[in-house]
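The values are calculated or read from the model by the stated rules, or taken from the named source; none is laboratory data. On a predicted model such as this, the values are computed, not experimentally measured, just so you know. Here Cβ is always computed from backbone atoms with ideal geometry, including for glycine, and neighbour counts include all displayed protein chains. Only protein heavy atoms, including side chains, enter the accessible area calculation; ligands, DNA and RNA are left aside. Shrake-Rupley method; radii C 1.70, N 1.55, O 1.52, S 1.80 Å.
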Amino acid sequence: MRELAHRGFAGVAPENTLAAVAAAAERADGVEVDVQPASDGTPVVFHDHRLDDGGESRGVTDATGFVWDASPAALREADVLGSGEGVPELAEVAAAVPADTVLHVELKSPGVETTIGGSGPGELRWRPFVERVAAALGAADAPVVFSSFFDGALAAAREAAPGVPRAALCLDGDRGLDRAREFGCAAIHPPVDAVDASLVERAHGQNCAVNVWTVETWREALQCRDAGADGVITDYPGVTEFAETAEGRPDYER
């Protein structure tokens, strides 16, 4: 079962930073990061819409305002979680991931606020940003997968970068399978509480891998293994070790 480092193993390193990604790439099968545009359209690696704690953002940096209103230079100066690490550009993050590690790029926002499950901006709004993302990844050694919760992002990725595999992030497994069919995805990424053997079997039946988010404990890793999942997206390195190596493991609550 693959272990994918969520935001560069955010449980043990400052999320989505260059240092986190470089460290995670040394011990994970894949590294997952979030991307959205800076003010000039440059793809940068950051999760929340805002740099401060406004709206639903968490106050991850000491800077203020929306990510897409800040220049790449200003974002580099923003201190992520008091670590001294700034918000990096996608191109430099991709350069830190070796050819034997898959880089999972979640298309988080095209430069406007978006809400999971809402209508959101469509393909035309996403297309210029996805093209910039694809260009930023052009020199990457690592294989890349695009993922998103948003239909517009997956549609734009299919058109702008047809050779890059896509994964449908979802809150509901059935909806994820529907979106995977619609947008020609190679994987679905459901939450841990939506995964069971039936979902995995149906996903594999339509040639989709299943990578589960966000797995935090060995018990959740065991649940994913027993369901037949292909990988886990986790904040902590080594969370799958018990599931992969233990012989005669004790029973646990399912």
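If a residue must be outside any strand (DSSP E or B), touching a helix residue (DSSP H, G or I) at 6+ places or on another chain (Cβ under 7 Å) and of a type in the set (A, V, I, L, M, F, W, C), how many such residues does the range 28-54 contain?
3
With respect to Leu81, determine if the residue is among the hydrophobic types (A, V, I, L, M, F, W, C), surrounded by 13 or more Cβ atoms within 10 Å (Cβ to Cβ), touching a residue at least 12 places away in the same chain (Cβ under 8 Å) and within 27 Å of Gly152 (Cα to Cα).
Spelling it out, it is not the case that Leu81 is among the hydrophobic types (A, V, I, L, M, F, W, C), surrounded by 13 or more Cβ atoms within 10 Å (Cβ to Cβ), touching a residue at least 12 places away in the same chain (Cβ under 8 Å) and within 27 Å of Gly152 (Cα to Cα).
Report, by residue number, each residue of the range 30-66 that is within 20 Å of His6 (Cα to Cα) and among the aliphatic types (A, V, I, L, M).
Scanning the range 30-66 gives Val31, Val33, Val35, Val44, Val45, Leu51, Val60.
Kindly provide the set of residues from the range 209-231 that are without any contact (Cβ under 8 Å) to a residue 40 or more places away in the chain and open to solvent by less than 10 Å² (accessible area, probe 1.4 Å), ordered by number.
Across the range 209-231, the qualifying residues are Val210, Val212, Val215, Leu222.
Taking the conditions exactly as written (of a type in the set (Gly, Ala, Ser) and out of contact with any Ser or Thr (no Cβ under 9 Å at 6 or more places or on another chain)), does Ala187 satisfy them or not?
No: the conditions fail for Ala187.
Out of Val105, Val12, which single residue is closer than 26 Å to Val192 by Cα, of a type in the set (A, V, I, L, M), open to solvent by 40 Å² or more (accessible area, probe 1.4 Å) and touching a residue at least 60 places away in the same chain (Cβ under 8 Å)? Full working, then the answer.
On the way: Val105 fails: open to solvent by 40 Å² or more (accessible area, probe 1.4 Å).
Result of the check over Val105, Val12: Val12.
Determine, yes or no, whether Val67 is within 17 Å of Leu90 (Cβ to Cβ), touching a Ser or Thr at 6+ places or on another chain (Cβ under 8 Å) and not basic (Lys, Arg).
yes
Being surrounded by fewer than 23 Cβ atoms within 10 Å (Cβ to Cβ), in contact with a strand residue (DSSP E or B) (Cβ under 6 Å, 6 or more places away or on another chain) and of a type in the set (D, E, K, R) narrows it down to one residue among Asp53, Asp62, Asp29, Asp69; which is it?
Result: Asp29 is the single residue among Asp53, Asp62, Asp29, Asp69 that is surrounded by fewer than 23 Cβ atoms within 10 Å (Cβ to Cβ), in contact with a strand residue (DSSP E or B) (Cβ under 6 Å, 6 or more places away or on another chain) and of a type in the set (D, E, K, R).
What single numbered condition from (1) open to solvent by 80 Å² or more (accessible area, probe 1.4 Å); (2) touching a helix residue (DSSP H, G or I) at 6+ places or on another chain (Cβ under 7 Å) fails to hold for Thr245?
Answer for Thr245: the failing condition is (2).
For the range 5-26, indicate whether the set of residues that are more than 30 Å from Thr240 (Cβ to Cβ) and either assigned to a helix (DSSP H, G or I) or touching a Gly at 6+ places or on another chain (Cβ under 6 Å) (or both) is non-empty.
No: the range 5-26 contains no residue that is more than 30 Å from Thr240 (Cβ to Cβ) and either assigned to a helix (DSSP H, G or I) or touching a Gly at 6+ places or on another chain (Cβ under 6 Å) (or both).
Table: residues versus (1) at positive phi; (2) touching a residue at least 40 places away in the same chain (Cβ under 8 Å).
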position: Asp53; (1), (2): no, no
position: Gly59; (1), (2): yes, no
position: Asp62; (1), (2): no, no
position: Val67; (1), (2): no, yes
position: Ala73; (1), (2): no, no
position: Arg76; (1), (2): no, no
position: Glu85; (1), (2): no, yes
position: Glu92; (1), (2): no, yes
position: Val97; (1), (2): no, yes
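Considering (1) buried (at least 20 other Cβ atoms within 10 Å of the Cβ); (2) part of a helix (DSSP H, G or I), say which one Glu92 fails and leave the rest.
(1)
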